[in-house]
1. With a 1.4 Å probe and all protein chains kept in place, how do Arg109, Arg28, Arg137 rank by accessible area, largest first?
2. DSSP loop GluC sites (Glu not before Pro) in region 106-151 with at most 10 other Cβ atoms within 10 Å of their Cβ, which ones?
3. Could you give me the percent of Cα pairs per 10 Å distance bin for region 15-119, shortest bin first, beginning at zero and ending with the bin that holds the maximum distance?
4. What number, rounded to the nearest 500 deg cm²/dmol, is the helix-based mean residue ellipticity at 222 nm of the chain, given -39500 (n - 2.57) per DSSP H run of at least four residues and division by all its residues?
5. Tell me which of Asn148, Thr37, Phe110 sits at the most positive position along the dipole axis of the chain, charges placed on C-beta atoms (Lys, Arg +1; Asp, Glu -1).
6. Straight distance only, please: which lysines reach the Cα of Lys63 with their own Cα at less than 28 Å, same-chain residues fewer than 8 apart left out?
7. Mind checking the angle between helix 134-144 and the chain's longest principal axis? C-alpha axes, 0 to 90 degrees, to the nearest 10.
Amino acid sequence: LAPPKNLLVFGVWGAQGSAVLSRVVNPRGRTVFLHDTDTFSTDLELFRVSYKTKISSAFHRYKDASLWPELKLDLPSEVQSTQWHVILIDAPNGCCPNTPIADTHTPGRFQSIYMAKQLARPGSVVLLDDCERDTERDYGLAMLGEQNLVR
C-alpha cells in the first residue's frame, strides 16, 4: 500500500502476524482489525465482533438477497464512518473444501463479505481470502459482483 491508507482487516493472524501486517504493509496508515475473540493483548487497534451465522444453516438461506440485511454486524461508528482504502476478509472461520455444507458449523464469511460491501466506497479494494471454498466463492461473487472480480 502506498501509505498512508486505511486498512480494515476481518481477522487476526496472531499478535505477531497482525503486527507485521500493520507495521510493514501499512506503516504510516491506520490498520483496524475486527475479530471474534478477546484473546489478543497487543497494541493493535482491535474491535470485537460477534458472528451469528453457521454455514450449515446460512449457506442456502442467504441465496435470497432480500435477507442480506440480517447479516449486518454491529460495528463501532468509527469503523462505519471511515473511508477504507483496502478491506481484507480473512475471518471468521470457514471450513474445509471436502466437508459437506450440512456438517459445517463454523460461522463462514457471510457477514464479513456483506459488511465489506457496505463499508466499501468508490475506489476501495476488497480482498477475499479462501475463494476456493464454496461460501467465499459463491457469496463473494453474489455480494461483491463478478464485475469486480480479479483473478
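1. Values: Arg109 10, Arg28 170, Arg137 90 Å².
Largest to smallest exposure gives the sequence Arg28, Arg137, Arg109.
2. On the way: sites: Glu132, Glu136, Glu146; in loops: Glu132.
Answer by residue number: Glu132.
3. Bins of 10 Å from zero give 13, 41, 33, 13, 0 percent of pairs.
4. Working: 5 runs with 40 residues, N = 151.
That calculation yields -7000 deg cm²/dmol at 222 nm.
5. Of the candidates, Asn148 comes out farthest on the positive side.
6. Lys52, Lys54, Lys72, Lys117
7. 70
The values are calculated or read from the model by the stated rules, or taken from the named source; none is laboratory data. Bear in mind the structure is a predicted one, so any value in this text is a computation, not a measurement. Every residue, glycine as well, gets a Cβ built from its backbone with ideal geometry; the counts of neighbours run over all protein chains shown. With ligands, DNA and RNA removed, areas are computed over all heavy atoms of the protein, side chains included. Shrake-Rupley method; radii C 1.70, N 1.55, O 1.52, S 1.80 Å.
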